[in-house]
Amino acid sequence: MSDVDDQDRRDIINALDRENPAARTRILATPDAFSDWLRSTLYLIFLKARDDLEPLWAWLRLAYA
């Protein structure tokens, strides 16, 4: 999953956990929605992951399924 490390993944999960369930569903609905959210919420992590976001998004979708 690109240059995203364990701390980055924890930060993403913590930020997603702060979202209400409906918003989280929208965020994880598509790779583009996730990318937009990550860019506006955790920009530095977005910069690390931007070239390979789809595997990160897919992993999170499974985690929140």
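Give ASP51, ASP36 a once-over and let me know the one that is touching a residue at least 24 places away in the same chain (Cβ under 8 Å) and in a helix (DSSP H, G or I).
Values: ASP36 fails: touching a residue at least 24 places away in the same chain (Cβ under 8 Å).
Sole residue among the options that is touching a residue at least 24 places away in the same chain (Cβ under 8 Å) and in a helix (DSSP H, G or I): ASP51.
I'd like to check something: does region 8-26 contain any residue that is surrounded by 13 or more Cβ atoms within 10 Å (Cβ to Cβ), of a type in the set (A, V, I, L, M, F, W, C), assigned to a loop (DSSP other than H, G, I, E, B) and in contact with a helix residue (DSSP H, G or I) (Cβ under 9 Å, 6 or more places away or on another chain)?
No, region 8-26 has no match at all.
Is it the case that ALA29 is among the small types (Gly, Ala, Ser) and in a helix (DSSP H, G or I)?
Values: among the small types (Gly, Ala, Ser): yes; in a helix (DSSP H, G or I): no.
No.
What are the residue pairs meeting all of these: first residue in region 1-25, first residue of a type in the set (D, E, K, R), second residue in a helix (DSSP H, G or I), Cβ atoms under 6 Å, and 6 or more apart or on different chains?
ASP3/LYS48; ASP8/ILE45; ARG24/LEU16
Taken together, the values in this text are just the output of simple stated rules run on the coordinates, not laboratory data. Source: prediction; values computed, not measured. Virtual Cβ from ideal backbone geometry, glycine too; neighbours counted across all protein chains shown.
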